[in-house]
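Scroll down for the structure; my scribbles are underneath it.
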Amino acid sequence: MNTADAPAVAAPGDAAVRAAAQLVRDLPPTPALWCDGLRKRYGRRTAVDGVSLSVGCGEVVGLLGPNGAGKTTVIKMLLGLVRPDAGEVMVLGRPGADPSARARVGYLPELFRYQPWLTAAEVLRLHVRLAGADVPPDEQHGCLELVGLGARAADRVGGFSKGMQQRLGLAVALVARPELVVLDEPTSALDPLGRADVRDVVLSLRERGVAVVLNSHLIGEVERVCDRVVVLDRGRVAASGTLAELLGQREVRLHLTGVGPAAEARLAAAGPVEREGEWSTVALPADDDGTAVPCLVRDLVGLGVLVHAVEPARISLEERLLGILRAGSGDGRP
Amino acid sequence: MTARTVLTIAALTLREASRRRVLWALVALTAALLVLSGWGFARLASVETEFGAMTSGQARLVASQLLNLVMFGMSLIAALGTAFLAGPTLSGEVESGISLAMLARPVRRSTVLLGKWLGLVVFGSGFVVLAGLAQCLVVELTVGYWPPDIVGALVLLAGQTTVLLTLGLLLSTVVSPMASGVVAVGLFGATWIAGVVGGIGQALGNDDVARVGTVSRVLLPTDGLWRGAMHSLQDPSALAQFGVELEGFPFLSEAPLTLAYLAWTVVWVAMVWGLAALAFSRRDL
């Protein structure tokens, strides 16, 4: 519904209709991807056990977890490739069981191949047709150039290396102007340059308002591009949230001498302080805009304190992930 | 959208057959069969029996029998070709991961299956019709025999190919690509042999043995369709002349197909296709 039309539809003075229109306008935007209570068993083994998650438009969400945590199975259930035993999926506002929900979805599978007897350009043309999209050949070629395969458009895919196939897979995922892109281990076969390219692609997708689900073993990659992270362990969501929520507050460690009462008061004003000899650790506020540390150092120097060292400290996503997984196993699994 | 997807997949299947050299392998095999049979039929015209040279009537009769034999070879090539194409087309693509990206598109699996089936039917039937027609022309040029109902024969042979590739598709939704090809061709051969056994049973007047052929022809209609095609290819006077002596002979068909049997074949194909679609749409990739 075009919300701009709402006042024209409502008769002047019809307060109830106007209130209803306002209510609809105020509803939170439909997430690009949403699932609730997904379950999947293979024989006796439970692969996915009650996974719920949501990805907003223009949001980049990372899926993390050890091997066999159920990440790929969750992705396949979201895309209708695996039938869930229970649970509900909505893709771009439509039920996941309806194939047309995937009209604006791009997907790069983890283990895949494209028809080896087709050329790279033909693979893209095939996917544009299957998506029911109308993408001119120039734009299709642009996708190949974006992933560095512009010069190989007329070559058969059978002769491509694994890394080139992965680049082609990224082009396939992007070619039909998707609103949601699901990348399952998109950089597993890529060199460092290729990984940087993928990062740039993901960031440019986010800028264009495209939602991205990124499943990657490379935690650094996830940390750099993702707005939110969902950690899966043994088929369940072990933790989820924004990076700031998951990683907690930032800290700064300071090696100081000549600390007077005024300097101590200034330290305490910056945040909770822990002292250990000449070292002080200050927990910074979550809403720090990056000026707290330089201002603190400037003020301490002004108060006559000798500042020997300033070490920003932040728990890495990797440490946090390992912490979550070890806590989940309950027995201090190595 | 659905029709567009079906045609896209059908065209893709045909392109695969041509780019994977299946087409060229079939063309080479068929050309060899045509040249050899042309040579054989040319020699037939000049064969002398112990009673002297064959009359033109005898030559036509023998030619019509030989034509059935050669056409059986042709249908075997088509059966092997399509069964081994139909097998890898689904389970092979699932195993290799080709299906993952394709089926994540806004397409129904049954639509993709229909496209593949259509492509294979066009490919298999096209081959049978062209190769069969070429074979009949060779026979016409060498011994001057032209089958009484060439159109009917070719349609039934195309039907036989369709039946077998539909079975290949169903098998490929549940077993591995190689197994599905092997099982489809094995069943094809078993049904033919059961048909021959049934014919012998009929000749000997043993109803139980004769029933083997009837039952197998209902379970898998390839042999029934083949017998119908033979009937359209053979000289009508052959039956009148050899009817009693050659009862049970595997390359002589006694009666044309009934409408009921043709209807059953259509139902069989629809049923097996439906099962394949159901199995494919429920399969986890």
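When A:VAL82 is tested against (1) among the aliphatic types (A, V, I, L, M); (2) within 7 Å of chain B (Cβ to nearest Cβ); (3) not in a loop (DSSP other than H, G, I, E, B), exactly one condition is not met: (3). With A:LEU214, A:LEU193 as the choices, which residue is farther than 18 Å from A:CYS143 by Cβ, outside any loop (DSSP other than H, G, I, E, B) and touching a strand residue (DSSP E or B) at 6+ places or on another chain (Cβ under 7 Å)? Every option except A:LEU214 fails the conditions. Please verify whether A:THR187 is modelled with pLDDT of 85 or more and touching a Ser or Thr at 6+ places or on another chain (Cβ under 7 Å), treating the condition exactly as stated. Yes, satisfied.
Considered as a group, the residues in region B:1-47 that are among the charged types (D, E, K, R) and within 11 Å of chain A (Cβ to nearest Cβ) include one that is surrounded by the most Cβ atoms within 10 Å (Cβ to Cβ), and that residue is B:GLU16.
Going by the conditions given, is A:ALA211 modelled with pLDDT of 85 or more, of a type in the set (Gly, Ala, Ser) and under 30 Å from A:ASN67 (Cα atoms)? Yes; evaluated as a whole, the condition is true for this residue. For region A:93-116, residues that are assigned to a loop (DSSP other than H, G, I, E, B), at pLDDT 90 or above and in contact with an Asp or Glu (Cβ under 6 Å, 6 or more places away or on another chain) total 1. You will find that of B:LEU120, B:LEU156, B:LEU130, the residue that is modelled with pLDDT of 85 or more, touching a helix residue (DSSP H, G or I) at 6+ places or on another chain (Cβ under 9 Å) and closer than 29 Å to B:ASP284 by Cα is B:LEU120 and no other.
Every condition in (1) over 21 Å from A:VAL201 (Cβ atoms); (2) out of contact with any Asp or Glu (no Cβ under 6 Å at 6 or more places or on another chain); (3) within 10 Å of chain B (Cβ to nearest Cβ); (4) touching a residue at least 12 places away in the same chain (Cβ under 8 Å) holds for A:VAL89 except the one numbered (3). The single condition among (1) of a type outside the set (Lys, Arg); (2) more than 28 Å from B:ALA31 (Cβ to Cβ); (3) away from chain A (no Cβ under 14 Å) that B:LEU113 does not satisfy is (3). If you go through region A:50-68 and pick out every residue that is of a type in the set (Gly, Ala, Ser) and in a strand (DSSP E or B), you end up with 4.
Does B:ILE193 fit the bill of being free of Cβ contacts under 8 Å to residues at least 40 places away in the same chain and within 14 Å of another protein chain (Cβ to nearest Cβ)? The answer is no for B:ILE193. Take the residues in region B:138-151 that are surrounded by fewer than 18 Cβ atoms within 10 Å (Cβ to Cβ) and at pLDDT below 90, then tell me which one is nearest to the other protein chains (Cβ to nearest Cβ). Selected residue: B:ILE150. Screening the candidates A:LEU126, A:LEU130, A:LEU111, A:LEU149 for the property of being surrounded by 18 or more Cβ atoms within 10 Å (Cβ to Cβ), more than 14 Å from A:ARG177 (Cα to Cα) and at the interface with another protein chain (Cβ under 7 Å from one of its Cβ atoms) yields one hit, A:LEU126. The single condition among (1) at pLDDT 90 or above; (2) facing another protein chain (nearest Cβ under 9 Å); (3) surrounded by fewer than 23 Cβ atoms within 10 Å (Cβ to Cβ) that A:LYS76 does not satisfy is (3). Could you tell me whether A:ALA47 is of a type in the set (Gly, Ala, Ser), assigned to a loop (DSSP other than H, G, I, E, B) and either within 12 Å of chain B (Cβ to nearest Cβ) or surrounded by 18 or more Cβ atoms within 10 Å (Cβ to Cβ) (or both)? When the stated conditions are applied, A:ALA47 does not pass them. Scanning region B:157-169 turns up at least one residue that is touching a residue at least 60 places away in the same chain (Cβ under 8 Å) and within 30 Å of A:ASP184 (Cβ to Cβ). Residues in region B:90-133 that are farther than 16 Å from B:LEU12 by Cβ and touching a strand residue (DSSP E or B) at 6+ places or on another chain (Cβ under 7 Å): B:ALA104 alone. Checking each residue in region A:171-193 for being under 13 Å from A:GLU110 (Cβ atoms) and within 11 Å of chain B (Cβ to nearest Cβ) picks out A:ALA173, A:VAL182, A:ASP184.
Of the numbered criteria (1) within 14 Å of A:ALA121 (Cβ to Cβ); (2) within 27 Å of the chain's Cα centre (by Cα), the one A:LYS162 fails is (1). Among the residues of region B:20-52, none is identified as at pLDDT 85 or above and closer than 22 Å to A:TYR114 by Cβ. Screening B:ALA101 on (1) within 10 Å of another protein chain (Cβ to nearest Cβ); (2) assigned to a helix (DSSP H, G or I); (3) in contact (Cβ under 8 Å) with a residue 60 or more places away in the chain; (4) of a type outside the set (Ser, Thr, Tyr) shows it passes everything except condition (3). On the given criteria, is A:ALA121 part of a helix (DSSP H, G or I), of a type in the set (Gly, Ala, Ser), assigned by TED's automatic domain parsing to the domain that holds A:VAL202 and crowded, with 22+ Cβ neighbours inside 10 Å? Against the criterion (part of a helix (DSSP H, G or I), of a type in the set (Gly, Ala, Ser), assigned by TED's automatic domain parsing to the domain that holds A:VAL202 and crowded, with 22+ Cβ neighbours inside 10 Å), A:ALA121 does not qualify.
The values are calculated or read from the model by the stated rules, or taken from the named source; none is laboratory data. Here the structure is a predicted model, which is why all the values come from computation and not from measurement. Counting neighbours? That spans all protein chains shown, and the Cβs are built from the backbone with ideal geometry, glycine included.
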